[in-house]
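Below: the structure, in structure tokens.
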Amino acid sequence: MDFSLTQEQQQFADAIKRWVAKDYNFEQRKHIIQSEAGVSDTAWAALAELGAMALPVPEAQGGFDGSAIDMLIVMQELGRGIVIEPYFATVLGAEFLKQAGSHAEILEQVAGGEVKLAAALAEKQSRHDLFDIVTTATKNADGFVLNGVKTIVLHGAQADHLIVSARSSGNQRDTTGISMFIVDAKATGVSRRDYRTIDGYRAADIHFDQVQVPASALLGAEAAGWELLDAASDYGVTLLCAEAVGVIEAITNATLEYLKTRQQFGVPIGKFQVLQHRMAEMFMEMEQARSMATLAAVKVSSSDVEERRRTVSAAKARVGQAARFVGQSAVQLHGGMGVTNELPAAHMFKRLTMIELSLGDTDHHMARFVAQPGFKQAA
């Protein structure tokens, strides 16, 4: 299989790289983080103008119908720039709409950069088990009434619409009885508490108090939303793996430059063999993470559900291991400066830490991988 980029893919990657270098450098990023909004409307408009918003949207809704491989390229570049805009949250939300085959008008608005989305999936008791849901959806004559709380919703306060998982039947941890909805973020009964996460992103805890939504807000079939939730979240995991590879590459390069310039005993510390060995190990971890992220992007759309789950979980676990090793090594090689906000490396390490904890950490995906049918026989 040929993994080299097409001319169009390379041009797209180069365009985003130039935008990051010119309009989203480290100092500009810090200014955005410290602003009241925590995101930049100017940066969002630039991403839309570059075509990044339209890329994952189907052609029928004004998009480019980009594949997971196309998205891998974009997420890697955004990872290198540790871009904090609500791109991932919106693209993940759009994936739910694409797979559900509904709300074409909202997908058109996503393609044009007119709306932002967020996926409200986690709850305080669920940890990484997205099927562990106590938020309820009660059917009535006007549609459904939602009640419950969703936690750590990435860019939940910046979103115009929320993708919400709720339980319409069954017990708390059943995979049956789950329904998926799209909810107007400003609907009566929706309240959001916005806060900054350790990596500079924004997240929110969202309360749903007797929120009435129409029947048309339902994504897919009632009480049969688990497959949609599982498949779309796997797509999100694939995007996170790609972003992590971009961050890993950036922090590795930053560390290499530091070793070339920081001097001790009159020579650059990069001359010391033990540090050269550590850099070689970081490079190997980076390349293994890149390979697994690429494999996940190839397999995430597979019609074989077990293959998709197995590959995506293997990728998230391997990328998580690489992120931890490279991040910790970078901090150590930077010395005391590695933990200060004055250097990009500290921000990159924080982002890698948050990616590890998003949509399932390494331990969670290792357990999911070995739980797939056929694992014991293959072992």
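The values are calculated or read from the model by the stated rules, or taken from the named source; none is laboratory data. All of these numbers come straight from a predicted model, not from anything done at the bench. Cβ placement follows ideal geometry from the backbone for every residue including glycine, while neighbour counts extend to all protein chains displayed. Surface areas here come from the heavy atoms of the whole protein model, side chains and all, with no ligands, DNA or RNA. Shrake-Rupley method; radii C 1.70, N 1.55, O 1.52, S 1.80 Å.
What is the angle, in °, between the Cα long axis of helix 87-100 and the longest principal axis of the Cα atoms in the chain? Nearest 10 is fine, range 0 to 90. That helix lies at roughly 40 degrees to the long axis.
The share of accessible area on the stretch 1-57 that comes from carbon and sulfur is 51 percent, using a 1.4 angstrom probe.
Can you give me the relative contact order of the stretch 3-125 as a percent, contacts being Cα pairs under 8 Å and 6 or more apart? Before the final figure, lay out the partial values.
On the way: 121 pairs, mean separation 34.1, N = 123.
RCO, the stretch 3-125: 28 percent.
Considering the stretch 1-158, its Cα convex hull presents a mean projected area of 11.8 nm².
Return one whole number: the accessible area per residue of the chain in Å², for a 1.4 Å probe. Mind showing how you got there, number by number?
Details: 16670 Å² over 379 residues.
Accessible area per residue, the chain: 44 Å².
Relative to the longest principal axis of the Cα atoms of the chain, the long axis of helix 362-371 makes an angle of roughly 60 degrees.
In the elastic network of the chain, a GNM with C-alpha springs shorter than 10 Å, the most mobile of 333, 121, 162 is 333. Taking only protein heavy atoms and a 1.4 Å probe, the accessible area of the stretch 318-379 is 62% carbon and sulfur.
For the stretch 116-187, the Cα-based Rg and Dmax, in that order, read 11.8, 34 Å.
Contour minus end-to-end for residue 288 and residue 361, with contour as 0.36 nm per residue of separation and end-to-end as the Cα-Cα distance? Walk me through the intermediate numbers first.
Working: separation 73, 0.36 × 73 = 26.28 nm, distance 1.77 nm.
Value of the extension gain: 24.5 nm.
Shown for the stretch 183-236: the carbon plus sulfur share of the solvent-accessible area, taken with all protein chains present and a 1.4 angstrom probe, equals 52%.
Filter the chymotrypsin sites (Phe, Trp or Tyr not before Pro) in the stretch 236-277 down to the DSSP loop ones having no more than 15 other Cβ atoms within 10 Å, then list what survives. Walk me through the intermediate numbers first.
Working: sites: 258, 265, 272; in loops: 265, 272.
Within the stretch 236-277, the qualifying chymotrypsin sites (Phe, Trp or Tyr not before Pro) (loop, at most 15 other Cβ atoms within 10 Å) are 265, 272.
Go ahead and run the numbers for FRET between residue 209 and residue 175, Cβ-Cβ distance against an R0 of 30 Å, rounding to 0.05. After rounding, the FRET efficiency stands at 0.70. Taking every protein chain into account, the 1.4 Å probe leaves residue 271 with about 140 Å² of accessible area, to the nearest ten. Taken over the Cα atoms of the stretch 34-103, the convex hull encloses 94 Å³ per residue. For the chain, the 222 nm mean residue ellipticity estimated from helices alone, with every DSSP H stretch of n ≥ 4 adding -39500 (n - 2.57) and the total spread over all residues, rounds to -17000 deg cm²/dmol.
I'm a student and want to see the number: the projected area of the Cα convex hull of the stretch 245-331, averaged over all directions, in nm². Its Cα hull, projected and averaged over all orientations, spans 5.5 nm².
Largest GNM mean-square fluctuation among 356, 27, 85, using the chain with Cα springs under 10 Å: 27. Structural descriptor for the chain: relative contact order 15 percent, calculated from alpha carbon pairs under 8 angstrom and at least 6 residues apart. Which label marks the calculated value of Cα extents along the principal axes in Å, given the options (1) 72, 47, 36; (2) 78, 53, 40; (3) 70, 58, 41? Read-out taken from this structure: (2). Rounded to the nearest 10 degrees, the inclination of helix 305-334 to the longest alpha-carbon principal axis of the chain is 40 degrees.
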